[in-house]
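To start, the structure itself, in structure tokens.
The values are calculated or read from the model by the stated rules, or taken from the named source; none is laboratory data. Quick caveat: nothing in here was measured; it's all calculated off a predicted structure. Cβ coordinates were reconstructed from backbone atoms using ideal geometry, including for glycine residues, and neighbour counts include every protein chain displayed. Note: areas computed on protein heavy atoms with side chains; ligands, DNA, RNA excluded. Shrake-Rupley method; radii C 1.70, N 1.55, O 1.52, S 1.80 Å.
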Amino acid sequence: MAEGINLDGIQEAVQEAGALWEPGETSMTQLSKTEREKRLGFTPPPGEKSLEEMDAALSSGEVTVEHESAASVGAPASFDLRNVGGRSYVTSIKNQGGCGSCVAFGSIASVESTAAFERRDPNLVLDLSEAQLFYCWAKAEGRNCGNGWWPERAFINIRDKGVTFEDYFPYTAGDQNCNVNADWPNRNAKIATMQQLTSTAAMKDWISTHGAISACFLVYNDFFSYRSGIYRHVTGSLAGGHCVSIVGYDDAGGFWICKNSWGTGWGEQGYFCIAYGQCGIETYSGPWGVSGVVLTQWLSNRQVVGLWAHESQRNAWVYLSGAGGGWRKLSPTDDDVLLTMLADMVAAKAASRPVNVFDQGGTISLAYVL
Amino acid sequence: MASIETEPHPTELPPDSGSQVGNGAGTTVQPPRDFGELTSELLAGAAGASTLEAAPTLEPSTIAGAAGDGIGLWQSNKQVDALYSTYAARFSWMHVAGGPWRRFSPVSDSGVAALALLAAHARDRGRPVNYREEADQLVHEMYVW
């Protein structure tokens, strides 16, 4: 029996309401009420409606959502980043555990998706560090597992400071020190821009153009028992605020497709669909899209597959094989640097020798030919 | 809303480019010993490519018959069988098998030298090139695979 959750009552209410989702036992219903609420880490930013005020505004109709079709902005009527022409641009489902760090998970999921989709490279499977984002950057702003955060600040930190890869600060649930690998400035991702999306059409346009977006919404107690279908709030009191990543939508069915951070034991293997206009998901403190994910990292043991040169000053590129490969610009610091590096790349290509290069936001600033 | 890079850049993909890709984790190598001594200014400068600059647009998988995004005539999957240079500045040429001599556009020292390096590699290894020429019959950009 789930503490504080009446599954039979929820099932009956869903049936009576004719709602198109299936409640049942999930990994969340098996937790205590306290543990469930730990996993709701959205705190409205200063100036935004409190959770209770938003709840009241949604109930009273003070906050409404204008539903605009994807076609109105030239976007596909349905879109799912998990299957774009048979390719997925969504990274694996994570589990935030007993910490109100959902903002970090929802934000990073969107960055990881955007990095792959803007490059149209489904093989670019980033795994960025929610731990650094939450236990370093959020912590520096006074946020913790108990009081949560909000996406705008998360994206500002990713834009201005960057976030390293998971292997440099693996995530575990629970407030802790900022124990990140000291080399993280040489291994991180940043975003060039962030954009608040102020209409449903803009949300669809962004998802189908750039990648997943971050959104927050009110969680009611029936949500914990979601197993499948198109969720809409039917019964249960307000439990808290939560942030996720929206990875798709369907105008015919009238729902968003979302990636949660409660593990694969909840929802549809960690995902859920939520009906348009539900729980403030289109309007509460966002949503936010990001663009231009810039990666800084060593790319090791790569083959030089192609070279490109242009008549303009100091403009030569190399195409590298392997994980996160593709075109990279050679450092244009001066003629000597560019031509020396290009000569090294030519030598590597001619002899089919591997190279190790330091990729700084798409520009190679150091190179070995091995 | 898109902020698409507009500088010239390569667009082709290599032949058989369906290589494995991942997050790079586990493939990190140690930087050279003096890496930590590099100044942030140097690193910032190295990363400071203008978004208005030319960049490749082709992918290696489109090696034959593909056009780039530049205006002009693309010649694809060609062989370079001879090279020519003199004491004159920015005066370097390549010969395309079965075709004409073509001079590299003399817009910049580094541009001519880079194009000549690519042509030399193509000549040395018999690798195919895709290049863009204009009505001026100069080579303005080139790929070598």
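Considering only A:212, A:100, A:279, the residue lying farthest towards the positive end of the dipole of chain A is A:212, judged by Cα position with unit charges set on Cβ. Centroid-to-centroid, using Cα positions, the stretch B:102-116 and the stretch A:290-316 are 20 Å apart.
Within 12 Å, Cβ to Cβ, of residue A:45, how many net charges do the neighbouring residues add up to if Lys/Arg are +1 and Asp/Glu are -1? So the surrounding residues net to 0.
For the residues of A:294-307, the average number of beta carbons from a partner chain within 10 Å of their own beta carbon is 5.
How much FRET efficiency would the formula 1/(1 + (r/R0)^6) give for residue A:50 and residue A:141, where r is the Cβ-Cβ distance and R0 is 22 Å, rounded to 0.05? Don't jump to the answer; show the numbers that get you there.
On the way: r = 19 Å, r/R0 = 0.86.
Efficiency computed from Cβ-Cβ geometry: 0.70.
Please give the net charge around residue B:80, taking every other residue with its beta carbon less than 12 angstrom from that of residue B:80, where Lys and Arg add +1 and Asp and Glu add -1.
Working: positive: B:78, B:102, B:123, B:125, B:127; negative: B:81, B:124.
Every neighbour counted, the sum reads +3.
Working note: Karplus 6.51/-1.76/1.60 with θ = phi - 60° gives the stretch A:322-328 the couplings x, 4, x, x, x, 6, 9 Hz, where Gly and Pro are set to x.
Computed over chain A with a Gaussian network model linking Cα atoms closer than 10 Å, the most mobile of A:33, A:190, A:94 is A:33. FRET efficiency for the pair residue B:82 and residue A:350, taken as 1/(1 + (r/R0)^6) with r the Cβ-Cβ distance and R0 = 22 Å, rounds to 0.75. Accessible area per residue was computed with a 1.4 Å probe on protein heavy atoms; residue A:72 scores about 80 Å². Put simply, the amide H of residue A:331, placed in the peptide plane, has neighbours under 5 Å in A:364, leaving out anything fewer than 5 places away on its chain. Computed with every protein chain present, the accessible area of residue A:66 is close to 130 Å² [probe 1.4 Å].
Histogrammed with a bin width of 5 Å, the alpha carbon distances of the stretch A:220-342 distribute as 2, 9, 14, 14, 11, 6, 6, 8, 9, 9, 7, 4, 2, 0 percent, first bin at zero. Our coupling estimate for the stretch A:112-121, obtained by passing each phi through the Karplus curve with A = 6.51, B = -1.76, C = 1.60 and θ = phi - 60°, is 4, 5, 5, 4, 6, 6, 5, 8, 6, 10 Hz, Gly and Pro reported as x. Close amide H partners of residue A:68, meaning residues 5 or more places away or on another chain with modelled amide H under 5 Å apart, are A:200, A:201.
Partner shielding of A:327-339 amounts to 5, given as the average count of beta-carbon atoms from other chains within 10 Å of each residue beta-carbon. Using a probe of 1.4 Å on the protein chains alone, the accessible area found for residue A:368 is around 70 Å².
For residue A:228, nonlocal amide neighbours, meaning residues 5 or more places apart or on other chains whose placed amide H falls under 5 Å from its own, are A:22. Structure remark: mean-square fluctuation, Gaussian network model of chain A, C-alpha springs under 10 Å; the largest value among A:316, A:350, A:19 belongs to A:350.
Of the residues A:144, A:179, A:95, the one that moves most in a GNM of chain A with alpha-carbon contacts below 10 Å is A:179.
Protein heavy-atom accessible surface, 1.4 Å probe, per residue over chain A: 35 Å².
Under a point-charge model restricted to the Cβ atoms of Lys and Arg (+1) and Asp and Glu (-1), what is the dipole moment magnitude of the protein assembly as shown relative to its Cα centre, in debye to the nearest 20? Write down the numbers at each step before the final one.
On the way: 36 positive and 57 negative charges, 283 e Å.
My answer is approximately 1360 debye.
How well do other chains shield peptide A:193-200, expressed as the mean number of their Cβ atoms within 10 Å of each residue Cβ?
Working: counts 2, 0, 2, 0, 1, 0, 0, 0.
Counting Cβ atoms of other protein chains within 10 Å of each residue's Cβ and averaging gives 1.
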